[in-house]
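Colleague: Quick one: the structure is below, and I'll ask about it shortly.
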Amino acid sequence: MNLEKFPEVDSLLSQLRLIDFKVFTDQEFTIYPGTTAIVGPNGSGKTSILEAIEFALFRQVTRKEKKVPRVEDLIHHGRRKAIVELEFRAPINRRTYKVKRSIHPGETNADLFEESQKEPFASGAKKVDEEIIKLVGMNRHAFSALTYVRQGEIDRLSRMTPKTRRTDLFNMMGLGIYDKTGDRVQKQIRDLRKQVALLEETQARLESIRSHLPSDEELDSALGSLGRLVEETGKSRDLDTIKEVLQKVEHSLSEVKQQLYSPEMTVEYEELKEESVIAKYLKQVLETVPDIAEAQLRPHIRSEAREIFRSIFGDRYSDLIIDDDYEISLFDLRGNKVSLSAASGGEDVCVNFALRVAVNTALQKHSVTGPPPGLIILDEPGAGLDSQRRMWLPEAIAGLKSVDQVIVVTHMEEMRGSAQRVISLTPQGKDRQPIVEEIE
Ligand SMILES: Nc1ncnc2c1ncn2[C@@H]1O[C@H](COP(=O)(O)OP(=O)(O)OP(=O)(O)O)[C@@H](O)[C@H]1O
Ligand SMILES: [Mg+2]
């Protein structure tokens, strides 16, 4: 693709190509900055486009909060492989990359190219996964929490317990990585402890063997006595046997001592103990960093969410409060507290929308780990909203100033007007891909 066409592009996604991916046999989409609405009847392939983006980035597709176990089901019926190509601009260096993944029965392949390079600089699914996480600055958890609001999941945040909501929000803030690293360190601590215990056990066993063997002095004096006996009585087979046994004992003793004082038992043992102390400190640090970062972000998230919510529901509610445990409460115009579980479905949608946008905005402004990619993908966010709130939604989406790129799948006619671009899908019946029209 020729990026010169729009040199101002600074948003994450730019070009998507699907070959034999679900309903699409060969289709290209250009994704511009700003808001793109994807419209079309049921089953026309709207969600498929979003799934292709997720697959291109993270090699998986999520539905109903679960990984689709067999990605080969995404291969167009009757074909042998699917290909997804996605061009994106990496927020960390603003360079353009192209990821190309193919799905075959039982396996997937991947190549990652730097702009205009013919040879991939990373190949193989796992290698490409790792590179993309670094380039995009988020993993699939953060993507699910922050960026991609799946069909029927807009109210996900409010359905969660405060504890999982906190985890989800931490993922949104890019802080989930500390948890994962913390888990790895914890595993290392366990491994180190095991190694130390194993060495200590060996040491104890060797000590016990040594305590049953004669000491150096005892052995020396026995060998001395034997020497004198030989001098007095002359050599004999009996004395030779005794000498052989004594020599064997001497050999065993030196073996045991060698093992006891080996570098493994001394230097390495000390090093392992030291490492295990350091790992423990590291774990403590990893546990405190996200809390500090989160504490800094929390007030911004709260105030952004509150402002957005009040602008939608100012006629019904006076406030939205998020407490320290991420329990969310609404306050009606008289100041009565209404718990989120008592709020209506539509109110729920708006609270969720407000929260996600709030986290996104707060992160763009105050992130500690670098701002997230300015992308929000919403699949049918308007489901469950009455006509009045539905009117608000396009406006709210159009007003996502801090987000460079917004992709909204919608049946809502209202959205068409407020999106800068509309991708319209018209199904063509069995075995034919939908006709795709891009309307500006
Ligand atoms: N492997 C496949 N090959 C061909 N078609 C498939 C395959 N897997 C699923 N489909 C079809 O793809 C169609 C598109 O599904 P998708 O979820 O993208 O629709 P949608 O436009 O989001 O619809 P809705 O508005 O109902 O959410 C479905 O009709 C489904 O039957
Ligand atoms: Mg859909």
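The values are calculated or read from the model by the stated rules, or taken from the named source; none is laboratory data. What you see is a predicted model, and the numbers here were worked out from it, not measured in a lab. Virtual Cβ from ideal backbone geometry, glycine too; neighbours counted across all protein chains shown. Each accessible area value is taken on the protein alone, full model and side chains, heavy atoms only, with ligands, DNA and RNA left out. Shrake-Rupley method; radii C 1.70, N 1.55, O 1.52, S 1.80 Å.
Colleague: Just to be sure before I move on: is L192 touching a Ser or Thr at 6+ places or on another chain (Cβ under 6 Å) and in a helix (DSSP H, G or I) in the structure I sent? Quick ask: steps written out before the conclusion?
Modeller: Working: touching a Ser or Thr at 6+ places or on another chain (Cβ under 6 Å): yes; in a helix (DSSP H, G or I): yes.
Yes.
Colleague: If you don't mind, another one. Return the residues of the stretch 56-81 that are within 23 Å of E119 (Cβ to Cβ) and open to solvent by less than 20 Å² (accessible area, probe 1.4 Å); say none if nothing qualifies.
Modeller: Filtering the stretch 56-81 down to residues within 23 Å of E119 (Cβ to Cβ) leaves 56-57, 59, 81.
Hits for the stretch 56-81 are A56, L57.
Colleague: Does P299 satisfy the condition of being more than 24 Å from the chain's Cα centre (by Cα), exposed (fewer than 13 other Cβ atoms within 10 Å of the Cβ), under 29 Å from E207 (Cα atoms) and at pLDDT 85 or above? Working first, answer last.
Modeller: Numbers: more than 24 Å from the chain's Cα centre (by Cα): yes; exposed (fewer than 13 other Cβ atoms within 10 Å of the Cβ): yes; under 29 Å from E207 (Cα atoms): no; at pLDDT 85 or above: yes.
So P299 fails the test.
Colleague: Which ones in the stretch 404-432 are over 13 Å from G40 (Cα atoms), open to solvent by less than 70 Å² (accessible area, probe 1.4 Å) and in a loop (DSSP other than H, G, I, E, B)?
Modeller: Result: A419, G429.
Colleague: Shifting gears a bit: Which residues, taken from the stretch 279-296, are open to solvent by 60 Å² or more (accessible area, probe 1.4 Å) and either without any contact (Cβ under 8 Å) to a residue 60 or more places away in the chain or at positive phi (or both)? Break it down into steps so the answer makes sense when it comes.
Modeller: Applying the first criterion (open to solvent by 60 Å² or more (accessible area, probe 1.4 Å)) to the stretch 279-296 yields 280-282, 284-285, 287-288, 291-292, 296.
Of everything in the stretch 279-296, those that are open to solvent by 60 Å² or more (accessible area, probe 1.4 Å) and either without any contact (Cβ under 8 Å) to a residue 60 or more places away in the chain or at positive phi (or both) turn out to be Y281, Q284, V285, T288, D291, I292.
Colleague: Has the stretch 351-371 got any residue that is farther than 30 Å from A90 by Cβ and exposed (fewer than 14 other Cβ atoms within 10 Å of the Cβ)?
Modeller: Narrowing the stretch 351-371 to residues farther than 30 Å from A90 by Cβ: 351.
Remaining after also requiring exposed (fewer than 14 other Cβ atoms within 10 Å of the Cβ): none.
The answer is no, given that none of the residues of the stretch 351-371 is farther than 30 Å from A90 by Cβ and exposed (fewer than 14 other Cβ atoms within 10 Å of the Cβ).
Colleague: Report whether or not E274 is over 30 Å from H212 (Cα atoms), open to solvent by 60 Å² or more (accessible area, probe 1.4 Å) and modelled with pLDDT of 90 or more. Spell out how you get there, then give the answer.
Modeller: Numbers: over 30 Å from H212 (Cα atoms): yes; open to solvent by 60 Å² or more (accessible area, probe 1.4 Å): yes; modelled with pLDDT of 90 or more: yes.
It is true that E274 is over 30 Å from H212 (Cα atoms), open to solvent by 60 Å² or more (accessible area, probe 1.4 Å) and modelled with pLDDT of 90 or more.
Colleague: Could you list, in sequence order, the residues of the stretch 71-126 that are more than 30 Å from Q364 (Cβ to Cβ) and more than 16 Å from ligand 1 (Cβ to nearest atom)?
Modeller: Residues of the stretch 71-126 that are more than 30 Å from Q364 (Cβ to Cβ), as a first pass: 71-83, 102-109, 111, 117-120, 123-126.
Once the filter is applied, which keeps residues that are more than 30 Å from Q364 (Cβ to Cβ) and more than 16 Å from ligand 1 (Cβ to nearest atom), the stretch 71-126 yields E107, N109, D111, Q117, K118, E119, P120, S123, G124, A125, K126.
Colleague: Just to confirm my filter: which strands (runs of 3 or more DSSP E) fall fully inside the stretch 61-119 and include at least 1 residues that are under 23 Å from S44 (Cβ atoms) and in contact with a strand residue (DSSP E or B) (Cβ under 9 Å, 6 or more places away or on another chain)? Give the steps one after another, and end with the answer.
Modeller: Numbers: elements: 82-89, 96-104, 107-114.
Output list reads 82-89, 96-104.
Colleague: Considering the stretch 297-342 alone, what residues qualify as being in contact with a helix residue (DSSP H, G or I) (Cβ under 7 Å, 6 or more places away or on another chain) and assigned to a helix (DSSP H, G or I)?
Modeller: L297, H300, I301, E304, A305, I308, F309, I312, F313, L340
Colleague: Can I ask one more? Since E28 meets every condition but one in (1) in contact (Cβ under 8 Å) with a residue 40 or more places away in the chain; (2) away from ligand 1 (no atom under 11 Å from the Cβ); (3) open to solvent by 40 Å² or more (accessible area, probe 1.4 Å), which condition does it not meet?
Modeller: (1)
Colleague: Further question on the same structure: Please specify each residue of the stretch 11-60 satisfying the condition of being more than 15 Å from ligand 2 (Cβ to nearest atom), assigned to a strand (DSSP E or B) and touching a helix residue (DSSP H, G or I) at 6+ places or on another chain (Cβ under 8 Å).
Modeller: Answer for the stretch 11-60, where residues must be more than 15 Å from ligand 2 (Cβ to nearest atom), assigned to a strand (DSSP E or B) and touching a helix residue (DSSP H, G or I) at 6+ places or on another chain (Cβ under 8 Å): L13, S14, L16, L18, F29, T35.
Colleague: Would you check if there is a residue in the stretch 12-20 being open to solvent by 70 Å² or more (accessible area, probe 1.4 Å) and in the same structural domain as P434 (by TED's automatic domain parsing)?
Modeller: The initial filter retains those residues of the stretch 12-20 that are open to solvent by 70 Å² or more (accessible area, probe 1.4 Å), namely 17.
Remaining after also requiring in the same structural domain as P434 (by TED's automatic domain parsing): 17.
Looking through the stretch 12-20, at least one residue is open to solvent by 70 Å² or more (accessible area, probe 1.4 Å) and in the same structural domain as P434 (by TED's automatic domain parsing).
Colleague: Does L86 count as hydrophobic (A, V, I, L, M, F, W, C) and within 18 Å of the chain's Cα centre (by Cα)? Talk me through it step by step, then tell me what you get.
Modeller: Numbers: hydrophobic (A, V, I, L, M, F, W, C): yes; within 18 Å of the chain's Cα centre (by Cα): no.
In short, no.
Colleague: Then there's this: Checking S14 against (1) within 12 Å of ligand 1 (Cβ to nearest atom); (2) within 25 Å of the chain's Cα centre (by Cα); (3) at pLDDT below 95, which test does it fail?
Modeller: (1)
Colleague: Does the stretch 134-167 hold any residues that are among the hydrophobic types (A, V, I, L, M, F, W, C) and away from ligand 2 (no atom under 16 Å from the Cβ), and which are they? Write out each step before concluding.
Modeller: Taking the stretch 134-167 first, the residues among the hydrophobic types (A, V, I, L, M, F, W, C) are 135-136, 138, 142-143, 145-146, 149, 154, 157, 160.
Within the stretch 134-167, L135, V136, M138, A142, F143, A145, L146, L157, M160 meet the criteria.
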